[in-house]
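In what follows, a structure is listed as structure tokens, so that the remarks can point back to it.
The values are calculated or read from the model by the stated rules, or taken from the named source; none is laboratory data. Note that the structure is a prediction, hence the values are computed from the model and not measured. Glycine also receives a Cβ, built like all others from the backbone with ideal geometry; neighbour counts cover every protein chain displayed. What goes into the accessible areas is simple: the full protein's heavy atoms, side chains included, and nothing from ligands, DNA or RNA. Shrake-Rupley method; radii C 1.70, N 1.55, O 1.52, S 1.80 Å.
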Amino acid sequence: MSNLLSDPTSNKSIKQLQTCWFIRLLLFTYVHEHYYFGLIPVLASQSDQHPAIPSKMEQQWLSRKMRVAPHRIKPLTISGRKGIPSNMEFFDFSDVPLGDLRDPRHPFHQFHMEMALEEAAQAEVEDEVPVGAVIVSMDQGVIARAHNQREQLNDPTAHAEMIALTQAAQAIKHWRLLNCVMYVTLEPCPMCAGAVVQARLPMLVYGARDAKAGACHSLFEITNDVRLNHRVEVLAGVQAERCAGVLSEFFRKKRLQSN
């Protein structure tokens, strides 16, 4: 990772970056700790398919309110698809007790889908279809954040997932994204689902289903096709209503503008 860390321009800016990220983590975990212990056990009692009551290890971790040592937060520069540097914070999640990651209500999923939604919001600002993607390495933390850039780059392959895959591969210096999880606000299309399989990602988490082009559950099941040499565990429905709402509002505004 030493060759990935950008040289700090000033100690003041780095400290401000660390402080903002630390406060954000504290606030997010404080909210989700109460949600996790309040609502989820009630929901879990109604469905025994994926019980959501946190393990003892998870309770201990959540009770710390994500206490973070400042030296574990470092500035990171990731090259985008067209060589455009994208600055982000590097946070090590290697000691996070993950529990049952099949539960879409898990705080780990909620936290990173929030990041993907931030990328979707940035896409909307740039007049792109608001879809965002984040890739998390269980060893290194967040290694990619991207959003749709088809209009800006005039590139039909510049979906959020494709750009994030390129960023992640550059970050870890390998095309196999082993021990990584992708978060995306919309169910991947056939192109992106195929790329996820090619990248050997073990897990994919998405928010809203895509009835017209979804290739994980809706139209095809490329990520779980037994004829392929790799299959991906897919978890759907993380913040599905919010993810779908962002897209619906974007296209509603587009229809009004066309009229």
Gain in length, Met191 to Leu256, computed as 0.36 nm per residue apart minus the alpha-carbon separation, to one decimal in nm?
-> 20.4 nm
What ³J(HN,Hα) values, in whole Hz, does the Karplus curve 6.51 cos²θ - 1.76 cosθ + 1.60 give for the range 235-242 when θ = phi - 60°, with x put for Gly and Pro?
-> 10, 10, x, 6, 6, 4, 5, 5
How much net charge surrounds Glu128 when only the other residues with a Cβ under 9 Å from the Cβ of Glu128 are counted, with Lys and Arg +1 and Asp and Glu -1?
-> -3
Given a 1.4 Å probe and the protein chains all in place, what does the accessible area of Cys180 round to, in Å² to the nearest 10?
-> 0 Å²
Cα-based Debye curve of the range 110-149 sampled at q = 0.21, 0.31, 0.33, 0.36 Å⁻¹ gives log₁₀ I(q)/I(0) of -0.57, -0.93, -1.00, -1.10
Averaging sequence separations of C-alpha pairs under 8 Å and six or more residues apart, then dividing by the length of the range 133-213, give the relative contact order as a whole percent.
-> 29 percent
Convex hull of Cα atoms in the range 204-255, direction-averaged projection (nm²) | 4.0 nm²
Simple label model, 7 Å out from Cα along Cβ direction - Ser218 to Asp139, nm | 3.5 nm
Assuming R0 = 22 Å, can you tell me the calculated FRET efficiency for the pair Glu118 and Arg231, based on Cβ-Cβ distance, to the nearest 0.05?
-> 0.15
